[in-house]
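The structure appears right after this line, and notes come after that.
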Amino acid sequence: MTSSQTTPHDLNCLTIRELELLARDRMDKQTRDYYNEGADDGSTLAENQAAFTKYRIRPRVLRDVSIIDTTVNVLGQRNASPFGIAPTAMQRLAHSDGEIATARACAKAGIIMGLSSFSTSTLEDVKQASGENANALQLYLFEEKNHSIKLINRAKKAGYKAVLLTVDTPYLGRRNLEIRNQFKLPAHLKIANFADNPDDKEGSEPDAVDPEHPLGQQISNDSQHKKSEAGYREGDKRVAPTGPITFHTHAPNPTLSWEDSIPWLKKVAHPMQVWVKGIATSEDALLALHHNVDGIIVSNHGGRQLNGALATLDALPDVVEAVRGRCPVHVDGGIRHGTDIFKALALGADFVWVGRPALWGLAYKGEEGVALALKLLMDEFRLCMSLAGVTKVSEITKDYLVRMNSDGFVSKL
Ligand SMILES: Cc1cc2nc3c(=O)[nH]c(=O)nc-3n(C[C@H](O)[C@H](O)[C@H](O)COP(=O)(O)O)c2cc1C
Ligand SMILES: CC(C)CC(=O)C(=O)O
C-alpha cells in the first residue's frame, strides 16, 4: 500500500468539520439537535474534542515511508484502518437508507460497523448489506431479559461478531434540546428490531412529554402524567417498564450490576464476544477484566450522558495502564481527524470508534456521504502515519506524543 496523496472526491468537503456544516443544513431541527447535542451544557461533549489538542505529535524523519500499512485486526477482521463506526441510534432520521447506507459504505471501505439496538433497520438487513464485513451489535440490556435474549439470538444467527454492552446508561442523560423539541421518532419510521414485538403496536416513539419518558415526567405539569412511574423508583418499589419498546422507556436500566449482567450475557451471547462500552475509570476496567469481558470501550457516550465526566482521551491512559494488555482497549468520543486516531493509539488505545461523522455523512449524501467521512479519516490517518515516520500501526507508541502543559512547555509521556 502506498502513502501517496489520494484525490479527494468532493471538493466541497475536505474535512469532517466541513461535513458537519454541510450536514447541518440538510437535517431538520429535531434531528440535528438530537444528533449533535450533549448532555446539560455540553461541556463534556466539547472536551472530548478539545482533549486531542493537548497533545502534539513528535514526527520522525528520513525513514522509508513509501509503503504504509494502516490495517489492524479487530473482531477477527483485517480492518482497513484502526477505526470503526460507533453504534448510533435511528439513522433513518438522517437519510431514508439509514443504517443500510452506513453498512454498505463500511463494507466497501473494509471498516467495521457497530449497530445500535435502536436502529431503524433490522439487524438482519444490516448484516445482509454488510456482506462479509464484520458487524458488532450494541446492546442495551433490558429489565425484561426475554427481549434481550431474542435480540442476542437473532444477532448470533445473523453472524454478528460481538455484542457491545452499553454500561453508561442507568438513566438517560439530560439532553435539553431533545426535551425542548419534544423529540420523537416520526410516524413513518420504526425502531425496527422491536417492530414485531407484540407490545409494540405503533413501533414508534411516544410523544416526548409522555408518562413513560423520564424527562417527560420532569417537564410535564399535567397531573394525568403522574399516574405512571414505569421504570422509576417509588420508595422501595420499582416497576419495570412495560408496553412498547421505545428508547426513552427501555434503553436505560438502573438495575444492572456487574454480577447480574456480564456472566449472564457471556453465556447467552456465546460464541459472540462480549465487550463493555462506557468505561471511564481504571477501577471499572479491572472489574470488566475480572468478569472476563473480551474488550473494553472507553466512552462517555459522546458526551450525552454524564456531563462533567472527563474527556475520553483523558480517561484512556489510566484504563490502558490498569489493563496491561490483558484485553483490547478501544476509545470513542470527539475523533474528527486522522491525527486524533493517531494520538489515541499513541496513548495506548488499540482501536477507536467514530460516531457523529458517519451521521453527518448520511445526512449529507446517504451512502456516498458515509463513504466520504470514512475516506477523509482513512486518508488523513495514512498521511499522518507517513509524516510521523511510521509504517505500521503497531509502531505507534507514546514516543510519538508530547503533552502541552498550560505553561506552554511540553512534557514527554
Ligand atoms: C445520535 C447518537 C445516537 C447514539 N446512539 C447510541 C446507541 O444507541 N447506543 C450506544 O451505545 N451509543 C450511542 N451513541 C454513542 C456512540 O456510540 C458513541 O459513543 C459516540 O457517538 C462517540 O462520540 P462522537 O460522536 O464524538 O464520535 C449515540 C451517539 C449519538 C451522537
Ligand atoms: C438511548 C438510545 C436509543 C440512543 C442513545 O444512546 C443516544 O441517543 O445517545
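A quick yes/no check of all residues on (1) among the basic types (K, R); (2) over 21 Å from H301 (Cβ atoms); (3) within 16 Å of ligand 1 (Cβ to nearest atom); (4) in contact with a helix residue (DSSP H, G or I) (Cβ under 9 Å, 6 or more places away or on another chain):
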site: Y55; (1), (2), (3), (4): no, yes, no, yes
site: G76; (1), (2), (3), (4): no, yes, no, no
site: A89; (1), (2), (3), (4): no, no, yes, yes
site: H95; (1), (2), (3), (4): no, yes, yes, yes
site: G98; (1), (2), (3), (4): no, no, yes, yes
site: R104; (1), (2), (3), (4): yes, yes, no, yes
site: S116; (1), (2), (3), (4): no, no, yes, yes
site: T120; (1), (2), (3), (4): no, no, yes, yes
site: K127; (1), (2), (3), (4): yes, yes, no, yes
message = Filter region 234-281 down to the residues that are open to solvent by less than 20 Å² (accessible area, probe 1.4 Å), touching a Pro at 6+ places or on another chain (Cβ under 9 Å) and within 26 Å of V331 (Cβ to Cβ) and list them by number.
response = P252, N253, W275, K277
query = Is at least one residue of region 117-126 part of a loop (DSSP other than H, G, I, E, B), within 25 Å of T70 (Cβ to Cβ) and open to solvent by 10 Å² or more (accessible area, probe 1.4 Å)?
reply = no
key: Among the residues listed as I68, I85, I100, I111, the single one being at pLDDT 95 or above, open to solvent by 10 Å² or more (accessible area, probe 1.4 Å) and hydrophobic (A, V, I, L, M, F, W, C)   = I100
query = Tally time: how many residues in region 288-300 are more than 16 Å from ligand 2 (Cβ to nearest atom) and either closer than 23 Å to P271 by Cβ or exposed (fewer than 15 other Cβ atoms within 10 Å of the Cβ) (or both)?
reply = 9
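Identify all residues within region 382-413 that are open to solvent by 90 Å² or more (accessible area, probe 1.4 Å) and among the basic types (K, R); write none if there are none.
Listed by number, the residues that qualify are K392, K398, K412.
Residue by residue, here is whether (1) free of Cβ contacts under 8 Å to residues at least 60 places away in the same chain; (2) buried (at least 24 other Cβ atoms within 10 Å of the Cβ) holds:
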position	(1), (2)
L286	yes, no
A322	yes, no
C327	yes, no
R336	no, no
T339	no, no
V370	no, yes
key: Every pair of residues 6+ apart whose Cβ atoms lie under 9 Å, when the first sits in region 401-412 and is within 16 Å of D314 (Cα to Cα) while the second is assigned to a loop (DSSP other than H, G, I, E, B)   = L401/R58; L401/L347; L401/L413; V402/R58; V402/L413; R403/L413; S411/N405; K412/R58
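Which count do you get for residues in region 70-99 that are part of a loop (DSSP other than H, G, I, E, B), within 16 Å of ligand 2 (Cβ to nearest atom) and on the phi > 0 side of the Ramachandran plot? Lay out the reasoning, then the answer.
Residues of region 70-99 part of a loop (DSSP other than H, G, I, E, B): 70-71, 75-76, 80-82, 86-90, 94-97.
Now drop any that are not within 16 Å of ligand 2 (Cβ to nearest atom), which leaves 86-90, 94.
Then drop every residue that is not on the phi > 0 side of the Ramachandran plot, which leaves 90.
The qualifying residues number 1.
If you go through region 49-62 one residue at a time, do you hit one that is out of contact with any Phe, Trp or Tyr (no Cβ under 8 Å at 6 or more places or on another chain), closer than 23 Å to F409 by Cα and in a loop (DSSP other than H, G, I, E, B)? Lay out the reasoning, then the answer.
Of all residues in region 49-62, those out of contact with any Phe, Trp or Tyr (no Cβ under 8 Å at 6 or more places or on another chain) come to 49-56, 61-62.
Add one more test, that the residue is closer than 23 Å to F409 by Cα, and what stays is 49-56, 61.
Still in the running and in a loop (DSSP other than H, G, I, E, B): 61.
Taking every residue of region 49-62 in turn, at least one turns out to be out of contact with any Phe, Trp or Tyr (no Cβ under 8 Å at 6 or more places or on another chain), closer than 23 Å to F409 by Cα and in a loop (DSSP other than H, G, I, E, B).
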message = With the requirement that a residue be surrounded by 17 or more Cβ atoms within 10 Å (Cβ to Cβ), acidic (D, E) and closer than 25 Å to F342 by Cβ, what does region 27-65 give you?
response = E47
inquiry  = Looking at E143 and the list (1) open to solvent by 10 Å² or more (accessible area, probe 1.4 Å); (2) within 14 Å of ligand 1 (Cβ to nearest atom); (3) at pLDDT below 95, which single condition is not satisfied?
reply    = (2)
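Just checking, which of T31, T71, T88 is closer than 19 Å to G333 by Cα and either over 18 Å from the mean Cα position of the chain (by Cα) or polar (S, T, N, Q) (or both)? Break it down into steps so the answer makes sense when it comes.
Numbers: T31 fails: closer than 19 Å to G333 by Cα; T71 fails: closer than 19 Å to G333 by Cα.
That would be T88, the only listed residue that is closer than 19 Å to G333 by Cα and either over 18 Å from the mean Cα position of the chain (by Cα) or polar (S, T, N, Q) (or both).
Quick check: is even one residue across region 354-363 in contact (Cβ under 8 Å) with a residue 12 or more places away in the chain, farther than 24 Å from A101 by Cα and open to solvent by 10 Å² or more (accessible area, probe 1.4 Å)?
Initially, region 354-363 is screened for residues in contact (Cβ under 8 Å) with a residue 12 or more places away in the chain, giving 354-363.
Next, from what is left, pick out any that are farther than 24 Å from A101 by Cα: none.
The answer is no; no qualifying residue exists.
The values are calculated or read from the model by the stated rules, or taken from the named source; none is laboratory data. Computed from a predicted model, the values in this text were never measured in an experiment. Ideal geometry is used to build each Cβ from the backbone, glycine not excepted, and the neighbour counts take in all protein chains shown. The accessibility values were calculated without ligands, DNA or RNA, using every heavy atom of the protein model including side chains. Shrake-Rupley method; radii C 1.70, N 1.55, O 1.52, S 1.80 Å.
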